[in-house]
Each structure stands twice: as C-alpha cells, then as structure tokens.
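Colleague: Below: one structure in structure tokens.
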Amino acid sequence: MLFLVWGLVIFLGTHSIRVTGDGLRDQLVQSIGPARFKAIYALSSLLGFALLVYGFGIARDMPVVLWTPPPAMKHLAYLLTLLAMVLMAAVYVPHNVIKSKLHHPMVLSVKVWALAHVLANGTLAHVVLFGSMLMWSVVLFKASRARDKRNQVVYAAGNKGATILTIEIGIAMWLVFIGWAHGWLIGVQVM
C-alpha cells in the first residue's frame with residue numbers, strides 16, 4: 001500500500017500545481033525555464049503513475065475487503081464509465097457543446113470514472129486509489145472553474161455535429177474498453 005500512496009502523492013501532487021492558482025506554476029517556470037519545468041513535470045507524473053500502478057497491483061493481490069458492493073453497483077458503474085468516456089472524448093473533439101457548457105470535461109471524466117470504480121469495488125486498494133482520484137477531481141474542478149471566472153474565460157459555443165461525433169467516439173471508446181482493453185491493460189475483464 002505504501003507504493004500506491006506514494007504514487008498518488010507524487011502523481012496528484014504534480015497535477016495539483018494550479019489548484020491554488022497560477023502563481024506557483026508561473027514562479028517555477030520563471031525560475032527554472034519552461035523546458036526544464038515541462039521535463040520535471042513529465043518525469044514526476046510518470047514516476048507517480050508508475051508507483052501507483054505498481055502499488056495498486058501489489059495491494060490488489062492481497063485485498064482487504066471493506067464491503068461487498070451489491071450487483072446493481074456494477075451496472076451503475078457501466079453507465080458511469082460510458083459517461084466518463086463521452087466526457088473524455090469531449091476534450092479532444094473541437095466545437096462540441098459538452099465542452100462549451102462544462103468547460104473542463106477531462107476533470108469531470110476523471111470524477112465520474114473514479115466514482116464508478118469506488119461504487120463497484122469494495123477493497124481498501126480501490127477506495128484509496130479511486131477515492132483519492134475522486135476527491136482530487138472535485139477540488140481541481142472547483143479550482144478550475146474559479147480560475148475561469150477570475151480570468152473571465154469565455155468558451156466558444158459548440159455545434160450539434162461535433163457533439164454527436166463526441167458522443168459516438170465516447171461510445172466507441174467505451175465499447176472497446178469494456179469489451180477488450182480493460183482486460184488487456186488492467187488484467188480484469190469486465191464483460
């Protein structure tokens with residue numbers, strides 16, 4: 001569990017630099033330069049991710065069961081992960097209504113994905129990993145929306161065609177992931 005916790009601290013810590021505003025990030029970029037900042041950010045992210053994957057794998061092999069979720073939670077998790085995939089697609093498809101209305105679909109995607117996994121799994125490792133991701137995404141979303149308001153950010157309006165494409169891509173990603181990729185990447189076949 002120690003590797004998982006350290007991985008989360010490093011990974012989420014790295015991704016939380018802007019939570020309190022742009023001041024710390026701007027100071028770091030100014031003091032060490034943009035290229036060095038990006039390199040350190042990337043290496044810290046990779047280190048944290050590697051540690052949390054390794055730590056989660058170890059913790060999953062020796063599960064501490066906190067509760068047994070009812071079967072309905074698995075079905076709810078399928079629905080929530082579908083929504084998470086549509087939100088993820090909204091990040092990359094230009095001019096969609098989802099991004100224009102919600103502003104930070106990547107963070108919302110992580111929030112919904114983490115919630116789905118907390119509801120569907122009752123082990124300590126799952127609660128630590130996905131509960132941490134859920135709490136982090138809630139804080140980051142609030143901070144991101146506040147930063148947008150402070151900076152008076154205006155998001156371009158989306159259109160129907162791009163939104164339909166976003167939903168189609170999200171559904172396709174979800175089908176690939178639940179049908180094959182989750183088992184291949186994570187080692188747990190969900191369908």
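The values are calculated or read from the model by the stated rules, or taken from the named source; none is laboratory data. Note that this is a predicted model, so its numbers are computed, not measured. All Cβ positions, glycine included, derive from the backbone under ideal geometry; neighbour counts span all protein chains shown.
Colleague: Could you tell me whether the range 39-53 includes any residue that is assigned to a helix (DSSP H, G or I), closer than 22 Å to MET135 by Cβ, among the β-branched types (Val, Ile, Thr) and outside the structural domain of LEU134 (by TED's automatic domain parsing)? Break it down into steps so the answer makes sense when it comes.
Modeller: Taking the range 39-53 as the starting set, the residues that turn out to be assigned to a helix (DSSP H, G or I) are 39-53.
After this cut, where a residue has to be closer than 22 Å to MET135 by Cβ as well, the list is 41, 44-45, 47-53.
Adding the requirement that they be among the β-branched types (Val, Ile, Thr) leaves 53.
Remaining after also requiring outside the structural domain of LEU134 (by TED's automatic domain parsing): 53.
Yes, the conditions are met somewhere in the range 39-53.
Colleague: ALA35 - would you say it is part of a helix (DSSP H, G or I) and not assigned by TED's automatic domain parsing to the domain that holds VAL154?
Modeller: Considered against the rule, which asks whether it is part of a helix (DSSP H, G or I) and not assigned by TED's automatic domain parsing to the domain that holds VAL154, ALA35 comes out as yes.
The rows are residues; the columns are (1) of a type in the set (Gly, Ala, Ser); (2) surrounded by fewer than 20 Cβ atoms within 10 Å (Cβ to Cβ); (3) touching a helix residue (DSSP H, G or I) at 6+ places or on another chain (Cβ under 9 Å); (4) under 24 Å from VAL19 (Cα atoms).
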residue: ALA59; (1), (2), (3), (4): yes, no, yes, no
residue: ALA89; (1), (2), (3), (4): yes, no, yes, yes
residue: PRO94; (1), (2), (3), (4): no, yes, yes, no
residue: LYS99; (1), (2), (3), (4): no, no, yes, yes
residue: VAL110; (1), (2), (3), (4): no, no, yes, yes
residue: ASN121; (1), (2), (3), (4): no, no, yes, no
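Colleague: May I ask you to verify whether ILE186 is under 19 Å from the mean Cα position of the chain (by Cα) and either among the hydroxyl-bearing types (Ser, Thr, Tyr) or farther than 30 Å from VAL5 by Cα (or both)?
Modeller: Here the answer is no, as ILE186 does not meet what is asked.
Colleague: So LEU80 fits all but one of (1) in the same structural domain as HIS126 (by TED's automatic domain parsing); (2) part of a helix (DSSP H, G or I); (3) of a type outside the set (D, E, K, R); (4) surrounded by fewer than 17 Cβ atoms within 10 Å (Cβ to Cβ); what number is the exception?
Modeller: (4)
Colleague: Within the range 124-155, how many residues turn out to be more than 19 Å from ILE10 (Cβ to Cβ), surrounded by fewer than 17 Cβ atoms within 10 Å (Cβ to Cβ) and in contact with a helix residue (DSSP H, G or I) (Cβ under 6 Å, 6 or more places away or on another chain)?
Modeller: Residues in the range 124-155 being more than 19 Å from ILE10 (Cβ to Cβ), surrounded by fewer than 17 Cβ atoms within 10 Å (Cβ to Cβ) and in contact with a helix residue (DSSP H, G or I) (Cβ under 6 Å, 6 or more places away or on another chain): 1 in total.
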